[in-house]
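In what follows, a single structure is set out as structure tokens and then discussed.
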Amino acid sequence: MMMTIALLLGTVADGDAMASSRVEMADTQSVLGGNEYTVLPEKWELSYDIAMLPYMDDYKRCLGYTDLQFEGERDSQPVFERQYRMDLPRCAGVRAEAISQSNAALGRRGRSEIFTPADVSEAFDTLGYIHIQRGRNLDAQLKLYARAFEEKKRAYQAQIRARDEARPADPFMNRENPDADN
């Protein structure tokens, strides 16, 4: 039985003997409307035997069970990637148990030669890698929005300056000291 899982969307479709997880980061539109802040597309794909599905889900649940904190400076170091990396050692026990149970399930179904213990470990490693990449992507998105915000702020301030400079001087108002007439 084949299973395709879109990790972000959570949709499931049946097929044959392997499960496949795919996350596609589509080319995002710039918040400013141009290309200068567009994030490049990134694809992550993970394939594993359907017998491993409950154990992969356990590991994904462990990795996802965290209380993210926005701390530190945005520009100095990654905020979310660092926290996502800390999830891997925290979930090491769950990962080891899931690998063991996956290998046992594959052995019971006679599929351990098709999907070897090395393949099982690689699937769990890939899941950890995808988890870290999600944190890195969150950091990139934060930087993207911060840059877009700063650009919009600069454009707005330039607009205000241009408007103020274009206004004719008020003859009844002392511009250098507005309170002088009072």
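Just name the residue that is farthest from Met52 (Cα to Cα) out of those in the stretch 103-126 that are aliphatic (A, V, I, L, M) and assigned to a helix (DSSP H, G or I). Walk me through it before giving the result.
We begin by selecting, within the stretch 103-126, every residue aliphatic (A, V, I, L, M); these are 104-106, 114, 118, 120, 123.
Now drop any that are not assigned to a helix (DSSP H, G or I), which leaves 104-106, 118, 120, 123.
Details: Ala104: 10, Ala105: 7, Leu106: 8, Ala118: 14, Val120: 8, Ala123: 10 Å.
The selected residue is Ala118.
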Checklist line | Matching residues, the stretch 119-155, being closer than 20 Å to Met86 by Cα and either open to solvent by 100 Å² or more (accessible area, probe 1.4 Å) or free of Cβ contacts under 8 Å to residues at least 24 places away in the same chain (or both) | finding: Ser121, Glu122, Asp125, Tyr129
Note to self: Among the residues of the stretch 156-167, are any more than 20 Å from Asp57 (Cβ to Cβ), part of a helix (DSSP H, G or I), touching a residue at least 40 places away in the same chain (Cβ under 8 Å) and open to solvent by 50 Å² or more (accessible area, probe 1.4 Å)?
What the structure shows: no
Next item on the list: Could you grab the pairs with beta carbons closer than 7 Å, sequence gap of 6+ or different chains, first residue in the stretch 84-96 and touching a residue at least 12 places away in the same chain (Cβ under 8 Å), second one not in a helix (DSSP H, G or I)?
Entry: Asp87/Thr66
Item checked: Checklist (1) open to solvent by less than 50 Å² (accessible area, probe 1.4 Å); (2) at pLDDT 85 or above; (3) assigned to a strand (DSSP E or B) applied to Ala51, failing item -> (3)
Notebook entry, point to check: So is Arg109 of a type in the set (D, E, K, R), on the phi < 0 side of the Ramachandran plot and without any contact (Cβ under 8 Å) to a residue 40 or more places away in the chain or not?
Noted result: no
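The values are calculated or read from the model by the stated rules, or taken from the named source; none is laboratory data. All values reported here derive from a predicted model rather than from experimental measurement. Using ideal geometry, Cβ is built from the backbone for each residue, glycine included, and neighbour counts are taken over all protein chains shown. Note: areas computed on protein heavy atoms with side chains; ligands, DNA, RNA excluded. Shrake-Rupley method; radii C 1.70, N 1.55, O 1.52, S 1.80 Å.
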